Amino acid sequence: MWQRIQTIYLALAIVAHVLLLAGLPIMTSTDSGKVYAKDDVLFFILIALATFDAFAAIFLFKNRRVQVLVGRISIATAFVAIIKMLYTFITIQKSTAHVSDIGMWMPLVFIVLVALANKAIIRDEEKVRAADRIR
């Protein structure tokens, strides 16, 4: 399980979101200070759900089709979290919020890593199908 590259990608994606949940600031506002994931309940739930989906995908290695499906659900959930984060950014006031905080980029890093994992899973599935055709 751990020797597969997709597991490493998924583990790195989980680390990115755990750092975000643990306290990396999403953005800084001159009015309200730093904005964290725990400040917005919906954003926190979306990030936690995407993280749980990626964690579950690691242990679905015996059924690669379901693993890809769970990865896609995780990507969709993280994408909704990005939309929620951008909405929060717009409502804070464009002039007072700064995107320089690294937490703003963690959901995007998560999506890229899970997409790379899905690509590797699909590649493994193709190799298994090709080996079955030879027999």
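Read the figures in this text as sums done on the coordinates, not as results from a lab. Quick caveat: nothing in here was measured; it's all calculated off a predicted structure. Positions of Cβ are generated from backbone atoms using ideal geometry, with glycine treated the same way; all protein chains shown enter the neighbour counts.
Quick one: net charge around Pro25, please, counting Lys, Arg +1 and Asp, Glu -1 for every other residue with C-beta under 13 Å from its C-beta. Walk me through the numbers on the way to the answer.
Values: positive: Lys34, Lys38; negative: Asp39, Asp40, Asp101.
Cβ neighbours under 13 Å give a net charge of -1.
Arrange Leu86, Leu20, Leu10, Leu49 by Cβ neighbour counts within 10 Å, fewest through most, would you? Show your work: numbers first, answer last.
On the way: Leu86 12, Leu20 28, Leu10 31, Leu49 16.
Listing Leu86, Leu20, Leu10, Leu49 from fewest to most nearby Cβ atoms yields Leu86, Leu49, Leu20, Leu10.
Residues Ser74, Ser29, arranged from fewest to most other Cβ atoms within 10 angstrom of their Cβ, appear as Ser29, Ser74.
Between the listed residues Val128, Leu113, Gln67, the Cα displaced farthest toward the positive end of the dipole of the chain, a dipole computed from Cβ unit charges relative to the Cα centre, is found at Val128.
Enumerate lysine pairs in the chain that are 8 or more residues apart or on different chains, then count those whose Cα atoms are under 23 Å apart.
Details: Lys34/Lys84; Lys34/Lys94; Lys38/Lys84; Lys38/Lys94; Lys62/Lys119; Lys62/Lys127; Lys84/Lys94; Lys119/Lys127.
Here the count comes out as 8.
Between 0 and 90 degrees, the angle of helix 106-134 with respect to the longest Cα principal axis of the chain falls at about 10 degrees. Between the helical axis of 41-58 and the dominant principal axis of the chain, each derived from Cα atoms, what acute angle in degrees is found, rounded to the nearest 10? Orientation of helix 41-58: about 20 degrees from the principal axis. Our helix-only sum for the chain, with -39,500 (n - 2.57) per DSSP H run of n ≥ 4 divided by its residues, gives a mean residue ellipticity at 222 nm of -24500 deg cm²/dmol. Of the residues Val112, Val70, the one with the fewest other Cβ atoms within 10 Å heads the list, and the complete ranking is Val112, Val70. To the nearest ten degrees, helix 64-92 and the longest principal axis of the Cα atoms of the chain are 10 degrees apart. Computed from the coordinates I sent, Cα extents along the principal axes in Å equals one of (i) 54, 32, 25; (ii) 48, 34, 30; (iii) 67, 22, 21. Tell me the label. Matching entry in (i) 54, 32, 25; (ii) 48, 34, 30; (iii) 67, 22, 21: (iii).
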